[in-house]
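Only one structure is covered here, and it is reproduced in the block below.
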Amino acid sequence: MEKKLSYYITTAKEIKAVNYNKKIRVAVLSSFTINGIEEVFKVKCNEKEIECSTYLGGYNQYSQNILDKQSNLYRFAPDITFLILDTRSLLGNLFHSPYSISESQRREYVTSKLNELLSIIDVFSKNIKSKLIVANFSSPTYSPYGIFDTKTVYGFKEMILDINGRLAKEISKIESVYLYDFSNFVTKFGEINIFDFKQFFFGDIKIALDYIPYLVNDLFAYVIAVLGLTKRCIVLDLDNTLWGGIVGEIGRAHV
């Protein structure tokens, strides 16, 4: 069971400066309000004896941060950067009225938005050595066509599936860029829990505050990987399970 966000915010203030051997600089860019994520990263890193410095890009300022070579993002020089965009932010007005345009126009629109995102990713990867973790897009349970959405050629949900599939394919070609399956995160915890309408209308908060720690718990795996702290094990199979060995039965001297 994850601790509440309030615990991380309070604990982050109590962290004392310690010169740990392991250090990480973490940047988070998003298209929506994601307050509290810095504190969770700092506490989780501190628990693993990792000195963590964080940078949170301004509200919906991810493009400016990446495209401006003199931005605070590049001055911060992160080791790892998380780019978390919302489906609503990507699709704009088309999120609420995808069928206001034709099928061919929807395809063109998706391609255009995807190319914009890929262009930003390309600029980032060329400007800095930081690892970039890009979140894919969740598919809302809502659809303007309801049950007929699946009967519609290139319907609302198919549009998002297409974006995710093409995004994953392109990211796989870039060595320093990785994909985070945010869609799976929403599926695991449930859209009704992750997306809080009250928080959304209050401050454009797309991830409920109670679930920020769960999100960071997922993202923290990338921090561990960047620092080379992942554990490996050697599996020795000597009993005819994976191969024809029988050392366990007849002894090493008989092999």
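Among the residues making up region 142-160, those that are touching a residue at least 24 places away in the same chain (Cβ under 8 Å) and more than 20 Å from the chain's Cα centre (by Cα) are PRO144, TYR145, THR152, VAL153, TYR154, GLY155, PHE156. The set of residues in region 204-230 being of a type in the set (Asp, Glu) and open to solvent by less than 50 Å² (accessible area, probe 1.4 Å) consists of ASP204, ASP218.
For region 35-55, what are the residues that are surrounded by fewer than 18 Cβ atoms within 10 Å (Cβ to Cβ) and either polar (S, T, N, Q) or not in a loop (DSSP other than H, G, I, E, B) (or both)? Write out each step before concluding.
Just the residues of region 35-55 that are surrounded by fewer than 18 Cβ atoms within 10 Å (Cβ to Cβ), to begin with: 35, 47-49, 51, 53.
Listed by number, the residues that qualify are ASN35, GLU47, GLU51, SER53.
Provide a single number: the residues in region 115-152 that are over 30 Å from ILE224 (Cβ atoms), open to solvent by less than 60 Å² (accessible area, probe 1.4 Å) and not acidic (Asp, Glu). Of the residues in region 115-152, 5 are over 30 Å from ILE224 (Cβ atoms), open to solvent by less than 60 Å² (accessible area, probe 1.4 Å) and not acidic (Asp, Glu).
Kindly indicate which of SER104, SER71, SER63 is without any contact (Cβ under 8 Å) to a residue 12 or more places away in the chain, farther than 21 Å from VAL226 by Cβ, surrounded by 13 or more Cβ atoms within 10 Å (Cβ to Cβ) and of a type in the set (Ser, Thr, Tyr). Matching residue, one of SER104, SER71, SER63: SER71. Filtered by the rule that a residue be in contact with a Phe, Trp or Tyr (Cβ under 8 Å, 6 or more places away or on another chain) and either open to solvent by 60 Å² or more (accessible area, probe 1.4 Å) or within 28 Å of SER125 (Cα to Cα) (or both), region 187-203 gives a lone residue, ASN193. With respect to being under 20 Å from TYR8 (Cα atoms) and not in a loop (DSSP other than H, G, I, E, B), TYR178 falls outside the description.
The values are calculated or read from the model by the stated rules, or taken from the named source; none is laboratory data. As the structure is a prediction and not an experimental result, all values here were calculated from the model. Cβ atoms come from the backbone with ideal geometry, glycine included; neighbour counts cover every protein chain shown. All accessible areas refer to the heavy atoms of the entire protein, side chains included, with ligands and DNA or RNA removed. Shrake-Rupley method; radii C 1.70, N 1.55, O 1.52, S 1.80 Å.
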